[in-house]
Amino acid sequence: MGGEKDRKPLGDWDAIHAAKGSLKVSANRRANTITVSFESPSAEGSANIVKYFLDEGKNRLQEEALDRATKNKKFIEEQIGKTVDALNRDRLYSLLGQEVEWEMMARNREQFGFRMIDSPRIPDTKSKPGRGSAALMATLFAGLAFSIYFCARDRRKRTGDDGDSATLPMDGR
């Protein structure tokens, strides 16, 4: 339509919109689990994409926790420097110890954020196309098409081959 030469390169949002229909996330509150699946033409590609989503989720949680712990540590250290009361200083040191523990946990990437029960794996069965439903739809469509064809052929025989309508007497004989 004339805008062919002004086309922008594909970006992150284009990939997000393209993947939106293929990514399925379901939560099981009773088992406290989340299931992530992705449908694509390639089984290996689907497993890799799920792995990338999980890795990115862990990285994001780790970065946010490290940032939060660093800011909290800095604030607590400033407060320790300003505090003269020994009781408050002890409380601040215990808070600082908690923040140091939290930062250490966040740095240990394997133990932070969430625990993966099953690693992403290649599916053993195809999810699409649904061959049974496609065969049923093709059969129904073919039956409908043949019905229309035979009705039209029968009507053409009753009206005559030339397409003109036949004149019937008024008394119905």
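The values are calculated or read from the model by the stated rules, or taken from the named source; none is laboratory data. Predicted model, so just to flag it, every value in this text is computed and none were measured. Ideal geometry is used to build each Cβ from the backbone, glycine not excepted, and the neighbour counts take in all protein chains shown.
Annotations for the structure displayed:
- Scanning region 31-46 for residues that are of a type in the set (Gly, Ala, Ser) and under 17 Å from ALA15 (Cα atoms) yields SER37, SER40, SER42, GLY45, SER46.
- Near pairs, Cβ below 8 angstrom, 6+ apart or cross-chain, from region 66-94 (in the same structural domain as MET105 (by TED's automatic domain parsing)) to any residue that is small (Gly, Ala, Ser): LEU66/ALA106; ALA69/ALA106
- Among the residues here, ASN72 qualifies as in a helix (DSSP H, G or I), of a type outside the set (Phe, Trp, Tyr) and either at pLDDT below 80 or surrounded by 14 or more Cβ atoms within 10 Å (Cβ to Cβ) (or both).
- Test: residue in region 43-59 that is in a strand (DSSP E or B) and free of Cβ contacts under 8 Å to residues at least 24 places away in the same chain: no
- Number of positions in region 34-43 that are exposed (fewer than 15 other Cβ atoms within 10 Å of the Cβ) and closer than 14 Å to SER119 by Cβ: 1
- Residues (of a type in the set (D, E, K, R) and over 20 Å from LYS51 (Cα atoms)) located in region 15-34: ARG29, ARG30
- Residues of region 44-97 that turn out to be of a type in the set (Val, Ile, Thr) and under 30 Å from GLY21 (Cβ atoms), as a count: 2
- Test result for ARG60, assigned by TED's automatic domain parsing to the domain that holds ALA106 and surrounded by 13 or more Cβ atoms within 10 Å (Cβ to Cβ): no
- Residue identified as at pLDDT 80 or above and over 30 Å from ALA43 (Cα atoms) among ALA134, ALA152: ALA152
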